[in-house]
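Data first, discussion second: the structure below is written as C-alpha cells.
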Amino acid sequence: MSKSSRIEPHVLGHPLEELLHGLEGAEKVNPQASHQAKWPLPCLCCCSTNSTAEMTAETEMMLDIEAQGLTDHAAEVAVGKEATGVASSEAEGAASIEAEGKTSTEAQSVASCTEVEDAAITEMLRFAAPDLQADKDIWFTAVLRNGNDLQHAPEQLRKDKDMVIAAVWTTPEAIQYAMGGLNQVHDCLRQSRILEHKEETCSRKEQAILSIKINLAEQGTSYAMQFALTMKDDPYLGQFKTHNPHVLCQKSCDPNFSDVQHPCRGTLDTCLISEQDNLSAEKRPTDTSCWRVAFRFHQEECKATSGFMIQVQEVEGLGAGQKIETEMAEQVGLKVFRTRSHQRSIDGNRIAGVSRVVKACYDSGCENMELKDVWI
C-alpha cells in the first residue's frame with residue numbers, strides 16, 4: 001500500500017540512478033561514469049562514506065557484471081510479461097488496446113522493471129558493507145522509495161523516530177517494523193494513518209473493534225496492517241469509529257502474553273494487574289493496562305452502541321490472542337464478523353465483500369448475533 005507518488009533515486013541524487021536506467025534495457029550501465037559525479041549520498045555497492053572516492057578497476061568490473069545480470073533478469077521478466085500481455089490483448093480485442101493508449105505489454109514491462117529495481121536496491125541494502133549499513137542517509141533514501149525496506153535496517157535505525165516516520169509516510173504498514181516502542185508512538189501512528197479518525201466520516205453511532213493477529217517481536221502482521229488501513233477507506237465501514245487497542249496497549253498480566261490457559265479475560269477480577277495500573281481516574285484503559293482489559297473495555301463500548309467486532313483470520317488461522325478475544329466477545333455478547341481468506345494481501349475489493357455482509361446485517365436489524373464467517 002505504498003503511496004502512488006514515488007520518489008525516484010535521481011531526484012535524491014543517488015548513484016544508483018544509472019544502474020536503474022540500465023534495468024530498463026536501454027544501455028548497459030557505466031559504473032565509472034556514474035561514480036565520477038559528486039553525489040550527495042554514497043553508492044551502496046562500492047564507495048566508502050566519501051562520495052568522491054575513486055573506483056578501482058576490480059570494483060568497476062564487479063558492478064559491471066552485477067548491472068548486466070540485473071538487466072538480463074529484467075529482460076527475462078519483461079519477455080514473460082509480454083507473452084501474458086499479448087494473450088490478454090487478443091482476448092480483449094484491438095479496439096480496447098487503442099482506447100487504452102498503450103498496450104498491456106508496455107504497462108507490464110514498466111511494472112516488472114520497477115519490481116526489479118526495488119528488489120535490486122533491497123538486496124544491495126541487505127548485503128552492503130557495515131559502514132554503509134549504518135549510514136542513515138542511505139536508509140532514508142531507501143525507505144522514501146519503499147517503506148518496507150525498514151525491516152532490513154540496523155536495529156538502531158529502526159528505533160529512530162525520523163526514520164520510522166519517513167518509512168510509514170511512504171508505506172503505512174511499515175509501522176510493524178519499527179522498534180524501541182515507536183510502533184506505539186502517536187506521531188508515528190498518525191503518520192501511518194493507524195490512529196487517523198476522520199470524525200466527519202464516522203457518522204454511525206455504532207462502534208467497531210478489530211481483532212488482529214499480533215507478532216510479539218514487532219506489532220501486527222503486514223496483512224493485519226493492510227486490512228486496518230483499507231477498512232478505513234471503505235465507504236461503508238469507514239463510517240464506524242473502529243478501535244485497534246493493540247496499537248497502544250501491549251502489556252499483559254500473562255508472562256506468555258497470549259496463553260489461552262491463563263485465566264485473565266479482561267475483567268478486574270481475573271486480571272493480575274492492579275486496577276490502578278489498568279484504569280485511569282476516568283475509568284478508561286491507559287498505556288499500563290493489560291491488553292486484555294483494554295480490549296474487553298472497547299468490546300463493551302461496542303456492545304453498548306450496538307456495534308460489532310471484525311476478526312481478521314489469516315491464512316495460518318487465528319492467533320492465540322484472537323482466540324481469547326473470541327471468548328471475551330462471547331462473554332460480552334458482541335456480534336463477530338470473522339473474515340477468512342486464502343490470500344496474503346488485501347485490497348478494496350476484498351474489503352467491499354466484508355462491507356456488504358455488515359451492511360446486510362444492519363439492514364435486517366442485526367437479529368442474528370451468532371459469529372458470521374465472511375470469505376473474502
I'd like the full set of residues that are charged (D, E, K, R) and surrounded by 23 or more Cβ atoms within 10 Å (Cβ to Cβ), limited to region 300-334. E325
Could you please tell me which pairs satisfy a Cβ distance under 7 Å, a separation of 6+ or placement on different chains, a first residue in region 151-175 that is more than 23 Å from D131 (Cβ to Cβ) and outside any helix (DSSP H, G or I), and a second residue that is aliphatic (A, V, I, L, M) and at pLDDT below 85? T171/M1
Which of the residues belonging to region 339-367 are of a type in the set (A, V, I, L, M, F, W, C), closer than 15 Å to V312 by Cβ and in contact (Cβ under 8 Å) with a residue 40 or more places away in the chain? I346, I351, V354, V358
Just checking, which of C271, C249 is crowded, with 20+ Cβ neighbours inside 10 Å, in a loop (DSSP other than H, G, I, E, B) and at pLDDT below 95? C249
Take A304 and decide whether it is in contact with a Ser or Thr (Cβ under 8 Å, 6 or more places away or on another chain), closer than 24 Å to D269 by Cα and of a type in the set (G, A, S). no
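The values are calculated or read from the model by the stated rules, or taken from the named source; none is laboratory data. This is a predicted model, so every value here is computed, not measured. Here the Cβ is made from the backbone with ideal geometry for all residues, glycine too, and neighbour counts use every protein chain on show.
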